[in-house]
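All remarks here apply to the structure that follows.
Derivation of every value follows stated rules applied to the coordinates shown; laboratory data play no part. Since we're looking at a predicted model, the values are computed, not measured. As a convention, Cβ positions derive from the backbone with ideal geometry for all residues, glycine included, and neighbour counts pool all protein chains shown.
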Amino acid sequence: MLSMNAEGLPGVPAKLVRLGPAGAPRPVADDVTFADWDGERSEVVVRRVNGAARLEWPIGTVKATTPGWFSDVRVAPDGRRVE
């Protein structure tokens, strides 16, 4: 999980990486401000795109966009929704 800074605003967007089959890091997504995983190794991310916050789950599938921000995004324990 990536988090926000102390003021509740996104810090420096990060590059989300996942370990590949050989154990080497593999880039998955850029400009990520929040990330979480469901039970199937599918990531939910919030990233900044053209000044807007975009919720994607799985990565590349936009579920919601806002000019503001999304906070404390988590995949529900049953893996069926984002809270």
query: Counting only residues 5 or more places away or on other chains, whose amide H sits under 5 Å from the amide H of Arg74 once H atoms are built in the peptide plane?
result: Glu83
task: Find out how many positive minus negative residues lie around Arg54, taking Lys and Arg as positive, Asp and Glu as negative, among other residues whose Cβ is under 10 Å from that of Arg54.
output: +1
Residues Val82, Val62, Val75, sorted so that the one with the fewest Cβ neighbours within 10 Å comes first: Val62, Val82, Val75
query: Fewest first, what order do Asp72, Asp38, Asp78 take by the number of other Cβ atoms within 10 Å?
result: Asp78, Asp72, Asp38
- prompt: Counting Lys and Arg as +1 and Asp and Glu as -1, what is the net charge of the other residues whose Cβ lies under 13 Å from the Cβ of Arg74?
  reply: -4
task: Give me Phe34, Phe70 ranked fewest to most by other Cβ atoms within 10 Å of their Cβ, as a rough exposure proxy.
output: Phe70, Phe34
- request: Mind checking the range 20-83 for trypsin sites (Lys or Arg not before Pro) that DSSP puts in a loop (not H, G, I, E or B) and that have at most 12 other Cβ atoms within 10 Å?
  value: Arg41, Arg80, Arg81
